[in-house]
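Below: one structure, written as structure tokens.
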Amino acid sequence: MRLAVIGCGAVTTTYHLPALRLTGEFVPTAFVDLDLDCARRAAAQWPGVVVTADLEEAIANADAALVATPHSSHGAIAGACLRQGRHVLCEKPLAVTVDECDSLLQASEQSKAVLSVGLMRRCIGANQVVRSLLSARWAGEVVGFHFEEGERYNWPTTSGFFWKKETAGGGVLVDTGAHTLDLLTWWLGDWESVEYWDDSLGGLETNCELRVRLKELPGVEGTVQLSRTHELSNVLRIECSGGWIEVDARPPWALALHDRRSGVTARAVAELAERSLRSGEPVLPAVNQPFAAMWQQFARAVRGEPHGLATAAEARSSAGLMEACYARRQVLAQPWLPGAPGPREGA
């Protein structure tokens, strides 16, 4: 299938293009970027493709599109592709508001074009095991959760849009949180209410905390901590009546299970990089493998086959959670600042 690659920054060149070469499901026919030098560099291994800054020219001869542009532009660009009947795999977040998500859902329904979201962590084996264990109630009933994900920010950004509020749409909550909150709702169902704190002083937040109450598990609540400034545990932990389940938020995606009845704790590492998807191909680093699996799943979705990708409707739920966080924002304790509030109760 012919693919228009829209946005030729770091996530495209580092992750998506190697995955496309490996899977062979889609063949790039056009590379689009406002910075034509970026587009030319990305297109270097596909001679003869269209290199342009014009969206209409790029999608004219494409069956599908990858939208990997700054967050705030996802709604407009993905919508334009869908209205032309092009299938879309949109980088996360799908959009920065629920209204934009609804507009994209409507465009997808009207055009009958597939709209999927690049929440590739659903393609990680350990995360799929967690979902299966929860569905089977392996450790009993869920009673709480605590998710931590954070490190000193070192993403190899090309455009720097992450640091501009008008293009990023938000800070660590929108960027890292898009993945973390998607896993939360994928594993545990929709959210009911949220309390939210961050350290923004008018710009983008670099640290935030959430206390989330779940809709489908009455009475169950838990916490999420995200950071761009310092290392957190990078462990997603779900407490259950009969034990707990933990999975790492970073490669190699280690999984740990504890059974309170026996007192046994089992640990395993998902062997995501053991084999490539094609015999004889070089093995991809663990972080690249889920991208390859995601493109295979997107191809299945386009063919009308069962797939495991996040749907636009599911992405709408986590977008709504992020939007609610910003609407209910409270100041995160920053005791080093003059006149700052002290630690909040229960912190």
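Some notes on this structure:
- Taking K215, K112, K92 and counting other C-beta atoms within 10 Å, the order from fewest to most: K112, K215, K92
- Taking a sphere under 11 Å around the Cβ of A249 and counting the other residues whose Cβ falls inside, with K and R at +1 and D and E at -1, yields a net charge of -2.
- Potential extension, T223-E151 segment - 0.36 nm per residue separation minus Cα distance: 24.2 nm
- Helix-derived mean residue ellipticity, 222 nm - over the chain, DSSP H n ≥ 4, -39500 (n - 2.57), to 500: -9000 deg cm²/dmol
- Relative contact order of the chain, taken over Cα pairs closer than 8 Å and 6 or more residues apart, is 19 percent.
- Here the chain is described by how far its Cα atoms reach on the three principal axes: 59, 51, 37 Å, from widest to narrowest.
- Mean separation of Cα pairs under 8 Å and 6 or more residues apart, divided by the residue count, gives the stretch 2-120 a relative contact order of 24 percent.
- Amide proton proximity set for A65, modelled H, under 5 Å, gap of 5+: A4, H87, V88, L89
- Converting phi to 3J(HN,Hα) with the Karplus coefficients 6.51, -1.76 and 1.60 and the offset θ = phi - 60°, the stretch 29-40 yields 10, 8, 10, 10, 6, 5, 9, 5, 5, 4, 4, 5 Hz in sequence order, with x at every glycine or proline.
- The stretch 2-120: Rg to Rh, with Rh as the Kirkwood radius over Cα pairs: 0.94
- Estimated FRET transfer efficiency when R0 is 41 angstrom, pair R21-D190 (beta carbons, to 0.05): 0.65
- M322, M1 arranged by Cβ crowding within 10 Å, fewest neighbours leading: M1, M322
No lab work stands behind these numbers, since they all come straight from the coordinates. Note that the structure is predicted; figures quoted are calculated from it, not measured. Quick reminder, even Gly has a Cβ in these numbers, built from the backbone with ideal geometry, and neighbours come from all protein chains shown.
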